[in-house]
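Step one of this worksheet: look at the structure below.
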Amino acid sequence: MTSNTDFPVLSLTERDRRMQHTRELLEREGLRGLILAGLTSREQYDAYLTNDYAEGIVIFPAEGLPTYITWQEGRVMRHEESKDLGVVPWIDDWQVGVDGVTVAKVLRKKGLDKGRIGVVGLNSKAPAEMNGYIPYALWSSVLQELPSTEFIDCSAVFAKMMLVKSKEELV
């Protein structure tokens, strides 16, 4: 993709491929959506669907547009500055508030407050993250806010899916 930058930028075709593979994973696993936490994890899985680095959480519905929740306004400002440089964002809806209340609010808004929702980051097996990396207070709040939602850890299946690289990623 051509942009007004001096660094390589993945294309919107690559974004669409990744999002399609994620939707296929959701269908295979019988999930209505995905909570994809990057936060301060080693792997930064959120970047797979955002093509950005904001140490946040992606709320990704099986149908509809995703939302990226980050922990501070400076990350959103950097995102806006990147757009001014010609970088086309992969996710348009950015919000501030990496906490259980905000995660639950976005899930409700997308109709994902009931049913089976996948979560990446609860039971990660990466080095130094053997017990996951989603903070206890954040996750406890999500569970309290959404008692009718069934959350399914899918960290391993998501990691396996994203290890398959496209030609564009290998360049």
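The values are calculated or read from the model by the stated rules, or taken from the named source; none is laboratory data. Keep in mind that this is a model prediction, so the values were computed, not measured. Cβ coordinates were reconstructed from backbone atoms using ideal geometry, including for glycine residues, and neighbour counts include every protein chain displayed. Note: accessible area is taken over every heavy atom of the protein model, side chains too, but ligands, DNA and RNA are not part of it. Shrake-Rupley method; radii C 1.70, N 1.55, O 1.52, S 1.80 Å.
Glu129 meets the stated requirement of being in a loop (DSSP other than H, G, I, E, B) and at pLDDT below 90. Among the residues making up region 139-152, those that are open to solvent by 20 Å² or more (accessible area, probe 1.4 Å) and in a helix (DSSP H, G or I) are Trp139, Ser140, Ser141, Leu143, Gln144, Glu145.
Go through region 73-89 and give me each residue that's loosely packed, with under 14 Cβ neighbours inside 10 Å and either among the aromatic types (Phe, Trp, Tyr) or in a loop (DSSP other than H, G, I, E, B) (or both). Scanning region 73-89 gives Leu85, Gly86. Please tell me if Glu43 is modelled with pLDDT under 90 and either on the phi > 0 side of the Ramachandran plot or not in a loop (DSSP other than H, G, I, E, B) (or both). In short, no. Here Tyr68 passes the criteria (1) open to solvent by 70 Å² or more (accessible area, probe 1.4 Å); (2) closer than 20 Å to Arg42 by Cβ; (3) not hydrophobic (A, V, I, L, M, F, W, C) except the one numbered (1).
Whenever a residue of region 30-54 is more than 14 Å from Val98 (Cβ to Cβ), its partners that are buried (at least 21 other Cβ atoms within 10 Å of the Cβ) and modelled with pLDDT under 80, lying with C-beta atoms within less than 8 angstrom and at least six residues away or across chains, give the pairs Glu43/Ser124.
When residues in region 134-171 are screened for being in contact with a strand residue (DSSP E or B) (Cβ under 7 Å, 6 or more places away or on another chain) and aromatic (Phe, Trp, Tyr), 2 of them pass. Looking only at residues that are open to solvent by 50 Å² or more (accessible area, probe 1.4 Å) and among the hydrophobic types (A, V, I, L, M, F, W, C) in region 1-25, which one is modelled with the highest pLDDT? Looking at residues that are open to solvent by 50 Å² or more (accessible area, probe 1.4 Å) and among the hydrophobic types (A, V, I, L, M, F, W, C), I get Leu12. Among the residues of region 90-119, those identified as open to solvent by less than 10 Å² (accessible area, probe 1.4 Å), of a type in the set (A, V, I, L, M) and part of a helix (DSSP H, G or I) are Val103, Ala104, Val106, Leu107.
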